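For reference, the structure discussed in these notes is given below.
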Amino acid sequence: EAGVAQSPRYKIIEKRQSVAFWCNPISGHATLYWYQQILGQGPKLLIQFQNNGVVDDSQLPKDRFSAERLKGVDSTLKIQPAKLEDSAVYLCASSVSPFNQPQHFGDGTRLSIL
Amino acid sequence: EDQVTQSPEALRLQEGESSSLNCSYTVSGLRGLFWYRQDPGKGPEFLFTLYSAGEEKEKERLKATLTKKESFLHITAPKPEDSATYLCAVSAGNMLTFGGGTRLMVKP
């Protein structure tokens, strides 16, 4: 079974620029999550999709972050404009359902803001 | 607000030296507690789910236990390849709340 795929693996941009990350979940997984993991901390949920609808985006900084999941499969997360504090690893995860099912993570995109 | 605290932040062991990692939590209506392993440059890898107090799960040298306020990850006779960051997370609804992790280093 193929795992969660993310790209790019690394991205370096200057502050105020925009950036986008892509995620392809495990086939058949209806629930998709984006997390932000700052160095030395645990992952923090940004947004959760069930199929192509948003379930929870309460911790997403909506003035600069946006996410979509078209057709209930792939997803993109965008930051515009980026700030220095956005430097982190952005992890995508998927699960069969949102209820107490293990989440399976991709290896993330490491974002550095100069 | 759900809170998860892991201790210690870092742990150094000699190969074969057994120990335990702690995860204490405050949550309204725990639905599940999850343990993950994370290697440098990788995403978290699922290890265990525990659903109710008294439950235990085992996998190779790892054993996870759960009480009403905390969970322990016991590592028996660890090997250098067990070196990683161990994360615990709680579910009280749709979302997971993660602790800060314990960085485990096992020296040969």
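Quick notes
- Residue count, region B:45-70 (criterion: within 12 Å of another protein chain (Cβ to nearest Cβ), surrounded by 12 or more Cβ atoms within 10 Å (Cβ to Cβ) and not in a strand (DSSP E or B)): 1
- Residue in region A:41-53 that is in a loop (DSSP other than H, G, I, E, B), within 12 Å of chain B (Cβ to nearest Cβ) and without any contact (Cβ under 8 Å) to a residue 12 or more places away in the chain present: yes
- Restricting attention to region B:71-90 and to residues that are in contact with a Phe, Trp or Tyr (Cβ under 7 Å, 6 or more places away or on another chain) and closer than 30 Å to A:Gln50 by Cα, the residue that is nearest to the other protein chains (Cβ to nearest Cβ) turns out to be B:Leu87.
- Applying the condition of being within 23 Å of A:Ser27 (Cα to Cα) and part of a loop (DSSP other than H, G, I, E, B) to region A:58-73 and asking which residue is nearest to the other protein chains (Cβ to nearest Cβ) yields A:Arg69.
- Considered as a group, the residues in region B:26-44 that are under 12 Å from the mean Cα position of the chain (by Cα) and not polar (S, T, N, Q) include one that is nearest to the other protein chains (Cβ to nearest Cβ), and that residue is B:Pro44.
- Contact annotation: residue pairs with Cβ atoms under 9 Å, 6 or more positions apart or on different chains, pairing a residue in region A:2-30 that is away from chain B (no Cβ under 13 Å) and surrounded by 14 or more Cβ atoms within 10 Å (Cβ to Cβ) with a partner that is assigned to a loop (DSSP other than H, G, I, E, B) and among the acidic types (Asp, Glu), are A:Trp22/A:Asp74; A:Asn24/A:Asp74.
- Checking B:Gln14 against (1) buried (at least 16 other Cβ atoms within 10 Å of the Cβ); (2) touching a residue at least 12 places away in the same chain (Cβ under 8 Å), the condition it does not meet: (1)
- Pair list, Cβ < 6 Å and 6+ apart or interchain, from region A:102-114 residues that are within 7 Å of chain B (Cβ to nearest Cβ) to residues that are in a loop (DSSP other than H, G, I, E, B) and surrounded by fewer than 20 Cβ atoms within 10 Å (Cβ to Cβ): A:His104/A:Ile26; A:Asp107/B:Lys42
Read the figures in this text as sums done on the coordinates, not as results from a lab. The shown structure was predicted, so the numbers you read here are calculated from the model rather than taken from an experiment. Don't worry about glycine lacking a Cβ; one is built from the backbone with ideal geometry, like all the others, and counts go over all protein chains shown.
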